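The values are calculated or read from the model by the stated rules, or taken from the named source; none is laboratory data. Bear in mind the structure is a predicted one, so any value in this text is a computation, not a measurement. Cβ placement follows ideal geometry from the backbone for every residue including glycine, while neighbour counts extend to all protein chains displayed.
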Amino acid sequence: MIFSPGGFRQTVLAACALASVVLSPATASGPASVEPVAVSARPISQFRIGHDEKQFGPLEFVGGLELISPSRDFGGLSAFRFLKAGGDFIGVADTGYWFLGTVARDADRRPVGVQNFRLQQMVDQSGQPIDEKWEVDAEGLAVQEGIATVGFERNHRVAQFNIDPSDMKAPFKQLDFLIPVQELRQNRGFETVAHANANGQHQGGLVVVSEQSLDKSGNIYAAIIGGPHKGVFTIKRNDDFDITDGAFLPDGDLLLLERSFTMAGGLKMRLRRIHGESVEKGAIADGPVLLEADMGYQIDNMEGLDVWTRDDGALMVSLISDDNHSILQRNLYLEFILHQD
């Protein structure tokens, strides 16, 4: 979703009149090619600004990066998944680009930069770049066995692509997302696409969750679109938070990334752990909040999440933000350990 609240960060409020400029991504002509992009990183050592604490409820802050690039096509990062735990990744931007790269780490496993970053514009069946944003507003991503499943809003659909880092082609399949299309709001569509646990009740089936497409009770539409128990369900919405991404935890619970913006409360993000047994056809899924943060923390327009296991067995949660190609916003990468006890 495009999210551009005025006066996004207090430090730039005084400059808004002069600096409220949104940069549009460059368009391509001819066949889409993979574009190497220079990306520099500023380290983030404190999650809560001005404080050295590391523990935030069950989450331990490991480190983060503010990503900067001279490329006009860089930004709008909506969702990502690691292809190699904590290292190689693939993602989608809501401007209709694939992005790929590798998180570089120091000897203590903390993120220190991003290497080999590349972009490729999404293409149609003839291999030509798609320039109409409403056609390629990619917001959600799941990855399994060499296949990327992408959720799009505006032109609502869930499509599957073969992963080829050297040449991402057009989708080979469109999936039935089960939710009546008239219930999906134009700019509040599929933000979460995630594979359930292979050994759980849904046997690795795909689950999709909308951002803020609400039923008559004000709950958020979602669906299990793969596995033995297909069906529509909803997720309890509270405190004016919208869903921007999610991934399943090893125990079968669904970890959701959520965002809120109000004039009174400003920008906030939170992580909510949805009980796995409530992810079921006809159910209203819910669960506790694990973390909530406002602009006193190193957050921005947080849009992407992945869960992975580090080589020492630690359960990791990684987040990214979407700068909407605005000079008032930032592309962030944040990393936490999720403690289970």
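Structure above, values below:
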item	result
In the stretch 168-193, the residues that are among the charged types (D, E, K, R) and farther than 19 Å from residue 145 by Cβ	176, 183, 185, 188, 191
Looking only at the stretch 178-196, and only at residues there that are under 18 Å from residue 248 (Cβ atoms) and free of Cβ contacts under 8 Å to residues at least 60 places away in the same chain, the one that is surrounded by the fewest Cβ atoms within 10 Å (Cβ to Cβ)	195
Residue identified as in a loop (DSSP other than H, G, I, E, B) and surrounded by 15 or more Cβ atoms within 10 Å (Cβ to Cβ) among 91, 113, 127, 86	86
Pair list, Cβ under 7 Å, 6 or more apart: the stretch 84-100 residue under 20 Å from residue 157 (Cα atoms), other residue hydroxyl-bearing (Ser, Thr, Tyr) and at pLDDT 95 or above	92/78; 93/78; 94/78
Residue count, the stretch 284-318 (criterion: of a type outside the set (D, E, K, R), buried (at least 18 other Cβ atoms within 10 Å of the Cβ) and within 30 Å of residue 217 (Cα to Cα))	9
Yes/no for residue 247 being hydrophobic (A, V, I, L, M, F, W, C), without any contact (Cβ under 8 Å) to a residue 60 or more places away in the chain and either in contact with a strand residue (DSSP E or B) (Cβ under 6 Å, 6 or more places away or on another chain) or surrounded by fewer than 22 Cβ atoms within 10 Å (Cβ to Cβ) (or both)	no
Residue match in the stretch 53-65 (condition: β-branched (Val, Ile, Thr), surrounded by 16 or more Cβ atoms within 10 Å (Cβ to Cβ) and at pLDDT 95 or above)	yes
From the options 260, 213, residue that is touching an Asp or Glu at 6+ places or on another chain (Cβ under 7 Å), closer than 27 Å to residue 57 by Cα and of a type in the set (S, T, N, Q)	260
All positions within the stretch 89-108 that are more than 16 Å from the chain's Cα centre (by Cα) and of a type in the set (Asp, Glu)	106, 108
